[in-house]
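Engineer: Got a structure for you, questions after.
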Amino acid sequence: LEDSSKCVIGDLFEEMAMLEWAGIGIGEEETFRLMHSIWRHAAVSGAKMLWFWGRIYCTKSDYWILEGELPSNEENDLPWEVEQWGQGVNKKVYWVTDNILEDWVQLPDTHPEHIKAARQIKHIMTGCLNAPLNTNPPFPGKERHYLRAQIARISHNVTIAPAGLYGESQDENNKELVI
């Protein structure tokens, strides 16, 4: 589907029909509300592409998560060890809300220390982005950073690359994967 603001949006109704068939859907009314929330967010965010990433269940309120692409980013002042916006684990932008009738909040780019720490702890999220994490070992951030690190970990682990999609470049000096 394409919104009037030139944002490409995934077909949520078709995706939810498949999930309903598998017994894990969210229902027609909730799908309708979610789709309208995505359309509204597409109009205000300036995103080029948006699709529903998923829902994470928390203790107080659940996180609804959108994945998308923005045309450009003004922030380029990340430390050298952090993958820059639009590359690697920060290639996509993620927005989250605990109520699909409310506005969406953009999650920060993820840092290597957040991903490393997220791998070492188990934490049940509260649904409050600014909640501190009291964990052992300590987590270097708030729940928003932990959520973003977990999204990066999940997205990386479910990426599928069919056999033959990638090949090596023919340049002897630069061994890269090419499509």
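Engineer: So, for region 17-165, what is the accessible surface per residue at a probe of 1.4 Å, expressed in square angstrom? The partial results should precede the final answer.
Structural biologist: Values: 8890 Å² over 149 residues.
So region 17-165 comes to 60 Å² accessible per residue, rounded to a whole number.
Engineer: Name the trypsin sites (Lys or Arg not before Pro) in region 16-73 that are in a loop by DSSP and that have at most 12 other C-beta atoms within 10 Å, would you?
Structural biologist: On the way: sites: Arg33, Arg40, Lys48, Arg55, Lys60; in loops: Lys48, Lys60.
Filter output for region 16-73: Lys60.
Engineer: Scan around Met49 for amide H atoms under 5 Å from its own, H built in the peptide plane at 1.01 Å from N, and keep only partners 5 or more places away or cross-chain.
Structural biologist: Under 5 Å from the amide H of Met49: Val8, Glu69.
Engineer: In square nanometres, what is the average projected area of the Cα convex hull of region 12-73? Show your work: numbers first, answer last.
Structural biologist: Values: hull surface 20.4 nm².
Value for region 12-73: 5.1 nm².
Engineer: Separate question: For Glu29 and Glu69, what does the FRET efficiency come to when R0 = 30 Å and r is the distance between their Cβ atoms, rounded to the nearest 0.05? Each step should come with its number before you reach the end.
Structural biologist: On the way: r = 29 Å, r/R0 = 0.96.
So, using R0 = 30 Å, E works out to roughly 0.55.
Engineer: Follow-up. Determine ³J(HN,Hα), in whole Hz, for all residues of region 113-124 in sequence, where each value follows from phi through the Karplus function 6.51 cos²θ - 1.76 cosθ + 1.60 and θ = phi - 60°; x replaces Gly and Pro.
Structural biologist: Per residue, the Karplus-derived 3J(HN,Hα) values read 5, 5, 5, 4, 5, 5, 6, 8, 10, 10, 9, 8 Hz.
Engineer: Follow-up question, since we're still on this one. For region 31-71, with all protein chains present and a 1.4 Å probe, just round the carbon and sulfur fraction of the accessible area to a whole percent. Write out the running numbers ahead of the final one.
Structural biologist: Details: 1120 of 1900 Å².
Looking at region 31-71 in its full context, I get 59 percent from C and S.
Engineer: Using a 1.4 Å probe on the protein heavy atoms, what percent of the accessible area of region 86-128 belongs to carbon and sulfur? All intermediate terms of the calculation are to be shown ahead of the outcome.
Structural biologist: Values: 1140 of 2340 Å².
Ligands and nucleic acids excluded, carbon and sulfur give 49 percent.
Engineer: Residues with amide H under 5 Å of Cys58's amide H, sequence separation 5 or more or different chain, H placed in the peptide plane at 1.01 Å from N; which?
Structural biologist: Close amide H contacts, sequence-distant or interchain: Tyr63.
The values are calculated or read from the model by the stated rules, or taken from the named source; none is laboratory data. Here the structure is a predicted model, which is why all the values come from computation and not from measurement. Because the Cβ atoms are built from the backbone with ideal geometry, glycine has one as well, and the counts that use them run over all protein chains shown. Surface accessibility is based on the protein's heavy atoms, side chains included, excluding ligands, DNA and RNA. Shrake-Rupley method; radii C 1.70, N 1.55, O 1.52, S 1.80 Å.
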